[in-house]
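Colleague: Below you'll find the structure I mean.
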Amino acid sequence: MIKPDTQTEKDFEETMVAFGGVITKICYYFSTDTEEYQDLRQEVLMNIWKGWNNFRGDAKLSTWIYRISFNTCLSYQRKNTRKYKSISINEILNIAEEEEPSRMERYNEMHRLIQQLNYEDRALILLWLDEKSYEEIGELMGINRNTLAVRLKRIKEKIVRLSQQNID
């Protein structure tokens, strides 16, 4: 019988606590309901655990976790396309009711607009919203800086158009 390496498990758990919010955010933006969110998060955590001992440190740990999270979510969505419905951000993030209503409305509106993008555009805008540099996003997504700049500009323009359609 193979005894689990408790130090490895401890390191994994500490890292998941440190990066749990990032994983939650990525899974949230790729999910359409609570059940799908839970499935995605579980799959991401399993994939990170499977690769845990293979992490060589060629990239930063945060980059490695982002990449696994995004790739897992993208693969999951490609395999499991469903009819989309809206999900309340409150269900996932448990934002307290004391939050100002206008802030919650902005969160919900931003989520609704981002949900209308294709999966790869969602990933790009989410990384940009997380204030990742163009170099980091390019490394994560495997695209060069100039292409990334053009795509982000188009994504932002599309979000503006989508929001204006709702006003009209």
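The values are calculated or read from the model by the stated rules, or taken from the named source; none is laboratory data. Please read these numbers as outputs of a predicted model, since none were measured by experiment. When we count neighbours, we look across all protein chains shown, and the Cβ atoms used for this are built from the backbone with ideal geometry, even at glycine. Heads up: the accessible areas ignore ligands, DNA and RNA and are worked out on the full protein's heavy atoms, side chains in. Shrake-Rupley method; radii C 1.70, N 1.55, O 1.52, S 1.80 Å.
Colleague: With every protein chain left in place, what is the accessible area of T63 in Å² (1.4 Å probe, nearest 10)?
Modeller: Only protein atoms counted, so the area is about 10 Å².
Colleague: From largest accessible area down, sort D58, D11, D121; use a 1.4 Å probe on the protein chains. Don't skip to the answer; put the middle values down first.
Modeller: Details: D58 120, D11 60, D121 25 Å².
Sorted by accessible area, descending: D58, D11, D121.
Colleague: Then there's this: Full-extension gain between S133 and N80, please, as 0.36 nm times their residue separation minus the C-alpha to C-alpha distance.
Modeller: Details: separation 53, 0.36 × 53 = 19.08 nm, distance 3.06 nm.
That pair, S133 and N80, stretches by 16.0 nm at full extension.
Colleague: Also: Grab the other residues whose beta carbon is less than 11 angstrom from that of A59, score K and R as +1, D and E as -1, and report the net.
Modeller: Working: positive: R56, K60, R67; negative: D58, E136, E139.
Summing Lys/Arg as +1 and Asp/Glu as -1 gives 0.
Colleague: I've got another one for you. Greater than 26 Å separation of Cα atoms is the criterion. Which listed pairs, K10/K79; K25/K132; K25/K79, meet it? Before the final figure, lay out each step's value.
Modeller: Values: K10/K79 32 Å; K25/K132 14 Å; K25/K79 20 Å.
From K10/K79; K25/K132; K25/K79, over 26 Å: K10/K79.
Colleague: On to the next question. Among V150, V22, V44, V17, what's the order by accessible area (1.4 angstrom probe), most exposed first?
Modeller: Details: V150 70, V22 35, V44 0, V17 125 Å².
Ranked list, largest accessible area first: V17, V150, V22, V44.
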